[in-house]
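Before any comments, here is the structure.
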């Protein structure tokens, strides 16, 4: 019998869970700093909701099943459809714009690679009901801030910013038909996984000629905003007043500079995202050396709610997985370290000292300190070895002398200092 978890899934031993919870706490802190409210949904959704977006690889990766009443259900592969369902349910009573976040567990049956499991947790940040690029700036600022809180710095990672709308403008200006634009974007999103000749084959399958395929690859080589601007100016010389999506991208970079975060952004027209519901600016964050998968990704999805039967509401969001960021931090020698889970470890030499230990534990717990009390008597040397290994900030060992004096010896484990205290003084000696 195999005792490991199912393939692609993870167990979390206490030390692993502590590190995961540390990341979650940083995500929540960054979200709260930016005024986002937390929500949640069931991990199981109707298969119909997930498939109605249709056409992407994600549909083939769903863990789907039938319940005992014959209903087709699935484990959620992402959070955005569930969010859309929540908003649609109360769209006539909600006060927009919404700034919501969640930390769901998601499941996808797909080929595992470095940084990708078949289940993961992710931070979802979404703003519903705001059409300006300030929405993109807010979700990006919150995501970048969470990485800074985790220990990453400018130069460790970059957010690559593109725009499906801008790419559509470039296609249109170049004479490339846009009828199959979503399918073309789906093919282009595979560029990191497939060789150029395979991408070219996929593009031809969508109806592009050899010349149009070559032009598509040329457009994806545009590296700077000014270069995209110059190209559009040349192509639209006869229509200089025509507004393009380039203006929104430029404004986003300006807003992020005002936030002091412009140094984390790079223009990258090749970022298209594989999900068909994206409509405008899109982005993906990568480590500086591109050794790992995307840290997070997202963008504007103005048509998803209307596609599911509701009103059209402008929306922006991103998903930020827990696997890749942990791997990047480890590779940089900066793994997430959880704070000590226990404030005080208490031990005693014999059953005669146990009542004093119990009174001390009760007093400290009532004072808001976390206490791990030994379950049986043991010698001092063994106790302090275990206390050091547990990571407790303070250790209290009670022997006959402490029992006779009625005073506790409180040892600060980090500074190797100790003080004595009466029962009433214990909480003051053990800081918050």
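Filtered by the rule that a residue be part of a loop (DSSP other than H, G, I, E, B) and more than 20 Å from the chain's Cα centre (by Cα), segment 251-278 gives 259, 260, 268, 269, 270, 276. Being under 30 Å from residue 406 (Cβ atoms) and in contact with a strand residue (DSSP E or B) (Cβ under 6 Å, 6 or more places away or on another chain) is a property that residue 366 lacks. You will find that of 304, 332, 336, the residue that is over 30 Å from residue 82 (Cβ atoms) and in contact (Cβ under 8 Å) with a residue 40 or more places away in the chain is 332 and no other. Total residues in segment 158-189 satisfying the condition of being surrounded by 23 or more Cβ atoms within 10 Å (Cβ to Cβ) and at pLDDT 95 or above: the figure is 2. Does residue 51 fit the bill of being surrounded by 16 or more Cβ atoms within 10 Å (Cβ to Cβ), more than 20 Å from residue 139 (Cβ to Cβ) and under 22 Å from the mean Cα position of the chain (by Cα)? Considered against the rule, which asks whether it is surrounded by 16 or more Cβ atoms within 10 Å (Cβ to Cβ), more than 20 Å from residue 139 (Cβ to Cβ) and under 22 Å from the mean Cα position of the chain (by Cα), residue 51 comes out as no. Is it true that residue 16 is without any contact (Cβ under 8 Å) to a residue 12 or more places away in the chain, farther than 29 Å from residue 134 by Cβ and not in a helix (DSSP H, G or I)? For residue 16, the condition - without any contact (Cβ under 8 Å) to a residue 12 or more places away in the chain, farther than 29 Å from residue 134 by Cβ and not in a helix (DSSP H, G or I) - is not met. Each residue in segment 322-341 was checked for being at pLDDT below 90 and touching a strand residue (DSSP E or B) at 6+ places or on another chain (Cβ under 8 Å), and 0 of them qualify.
Note on segment 411-432: residues that are free of Cβ contacts under 8 Å to residues at least 60 places away in the same chain and either surrounded by 17 or more Cβ atoms within 10 Å (Cβ to Cβ) or touching a strand residue (DSSP E or B) at 6+ places or on another chain (Cβ under 8 Å) (or both) amount to 11. Assessment of segment 71-88 against the conditions (surrounded by 15 or more Cβ atoms within 10 Å (Cβ to Cβ), in contact with a helix residue (DSSP H, G or I) (Cβ under 7 Å, 6 or more places away or on another chain) and assigned to a strand (DSSP E or B)) yields at least one matching residue. For the criterion of being out of contact with any helix residue (DSSP H, G or I) (no Cβ under 9 Å at 6 or more places or on another chain) and modelled with pLDDT under 85, residue 241 passes.
Scan 116, 111 and give me the residue that is in the same structural domain as residue 44 (by TED's automatic domain parsing), more than 19 Å from the chain's Cα centre (by Cα) and within 15 Å of residue 9 (Cα to Cα). Going through 116, 111 in turn, just one is in the same structural domain as residue 44 (by TED's automatic domain parsing), more than 19 Å from the chain's Cα centre (by Cα) and within 15 Å of residue 9 (Cα to Cα): 111.
Of the residues 138, 130, 227, the single one that is modelled with pLDDT of 85 or more and over 31 Å from the mean Cα position of the chain (by Cα) is 227.
With respect to being buried (at least 18 other Cβ atoms within 10 Å of the Cβ) and more than 23 Å from residue 278 (Cβ to Cβ), residue 118 fits the description.
Output the residues belonging to segment 308-354 that are over 30 Å from residue 153 (Cα atoms) and out of contact with any helix residue (DSSP H, G or I) (no Cβ under 9 Å at 6 or more places or on another chain). Listed by number, the residues that qualify are 351, 354. Here residue 27 meets each of (1) surrounded by 14 or more Cβ atoms within 10 Å (Cβ to Cβ); (2) at pLDDT below 95 with one exception, condition (2).
Condition test on residue 294, is it buried (at least 17 other Cβ atoms within 10 Å of the Cβ), free of Cβ contacts under 8 Å to residues at least 40 places away in the same chain, assigned to a loop (DSSP other than H, G, I, E, B) and in contact with a helix residue (DSSP H, G or I) (Cβ under 9 Å, 6 or more places away or on another chain)? It is true that residue 294 is buried (at least 17 other Cβ atoms within 10 Å of the Cβ), free of Cβ contacts under 8 Å to residues at least 40 places away in the same chain, assigned to a loop (DSSP other than H, G, I, E, B) and in contact with a helix residue (DSSP H, G or I) (Cβ under 9 Å, 6 or more places away or on another chain). Summed over segment 365-401, residues that are crowded, with 20+ Cβ neighbours inside 10 Å, at pLDDT 95 or above and in a helix (DSSP H, G or I) total 1.
Screening 360, 347 for residues that are in a strand (DSSP E or B) and modelled with pLDDT of 95 or more leaves exactly one candidate, 347. Those residues that are closer than 13 Å to residue 164 by Cβ and part of a strand (DSSP E or B), I need them from segment 279-291; list them, please. The answer is 281, 282, 283, 284.
The values are calculated or read from the model by the stated rules, or taken from the named source; none is laboratory data. Bear in mind the structure is a predicted one, so any value in this text is a computation, not a measurement. Here the Cβ is made from the backbone with ideal geometry for all residues, glycine too, and neighbour counts use every protein chain on show.
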